[in-house]
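Notes to accompany the following structure.
The values are calculated or read from the model by the stated rules, or taken from the named source; none is laboratory data. Remember, it's a predicted structure, so these values are computed and weren't measured experimentally. Please note: Cβ atoms are built from the backbone with ideal geometry, for glycine as well, and neighbour counts cover all protein chains shown.
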Amino acid sequence: MIGKPPPAKTPFVLRRDESGVATLTLNRSEQRNPLSEGMLAELHEILEAIDKDPSVRVVVFCHDGPAFSAGHDLKEVRANQSRDYYSWLMAQCSSLMTRIVRLQKPVIAAVEGVATAAGCQLVASCDLAFAGSKASFSTPGVNIGLFCSTPMVALSRNVATKHAMEMLLTGDPIDAEEAARIGLVNRVVPAGKAYAEAHAVALKIASKSAMTLRIGKEAFYRQSELGLDDAYLFTSEVMTKNLLAEDAGEGIDAFIEKRSPKWKDR
């Protein structure tokens, strides 16, 4: 039956909040953290709650074990061979990725292991990503007769066409340094340090006005799909509204007066 899976005894995702940062740990390391029905359902619920939680200013995805995420649970896929199920599953995954992009808070991925197929899509959907030196990334669906069409959406919005097409057509993994070179991740850190780097950046971002972060993230993705003239018209309106906001006035005054701003997030 297609629908919300029953709750698991062991959470698929562990959440820890600290200093405005919500850390979400994918919690099925023994199965390589697949984006199963249960994982997708919990992530939807958690992100919906986070979007409404003013105490959370930044989200960090991380993991234990050798895999950030191996993508869809292929055993579930083979156990439910119907058009309706596949359409439902793709809709659930696509909805999760768009929720991350449209979340009102920045989202950061900290990757130490492999991120394949929809797992690579998850990394690409985050606003920022940091990788340990032993991390790797791939869209290997072509190797099993299943082109990574939905991961392609996020991948192609992060890296240049020829880099994306090489990953999609060959299915070959790329290492962390190559992922940084082509823009899939922001930078590479020593193995085991990806979360520390992501958390440090998250704390820096969390010190900013939540109102400013919210309108800035939304504007970034909306303008990126507009033509040049329309993008400037849109962002000019965004800037005008931003300048009239209370936090903008406070921030400018604090800069002029050489003091730290006191944000009210409005």
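Out of Phe61, Phe12, one residue alone is closer than 23 Å to Val107 by Cβ, touching an Asp or Glu at 6+ places or on another chain (Cβ under 6 Å) and of a type in the set (A, V, I, L, M, F, W, C). It is Phe12.
Against the numbered list (1) without any contact (Cβ under 8 Å) to a residue 24 or more places away in the chain; (2) closer than 27 Å to Glu218 by Cα; (3) in a loop (DSSP other than H, G, I, E, B), Gly71 comes up short only at (1).
Restricting the first member to the range 79-98 and to residues that are more than 27 Å from Arg157 (Cα to Cα), and the second to residues that are in a helix (DSSP H, G or I) and among the hydrophobic types (A, V, I, L, M, F, W, C), the beta-carbon pairs closer than 8 Å and six or more apart or on different chains are Asn80/Leu89.
Here are Lys264, Lys217, Lys208, Lys193: which of them is surrounded by 12 or more Cβ atoms within 10 Å (Cβ to Cβ) and at pLDDT below 95? Please lay out each step first, then the result.
Details: Lys217 fails: at pLDDT below 95; Lys208 fails: at pLDDT below 95; Lys193 fails: at pLDDT below 95.
The match here is Lys264.
Listed by position, the helices (runs of 4 or more DSSP H) contained in the range 74-128 that have at least 2 residues being surrounded by fewer than 16 Cβ atoms within 10 Å (Cβ to Cβ) and under 16 Å from the mean Cα position of the chain (by Cα) are 83-102.
The number of residues in the range 158-179 being assigned to a helix (DSSP H, G or I) and surrounded by fewer than 18 Cβ atoms within 10 Å (Cβ to Cβ) comes to 8. The sole residue among Gly171, Gly141, Gly113 that is touching a residue at least 24 places away in the same chain (Cβ under 8 Å) and either hydrophobic (A, V, I, L, M, F, W, C) or in contact with a helix residue (DSSP H, G or I) (Cβ under 6 Å, 6 or more places away or on another chain) (or both) is Gly171.
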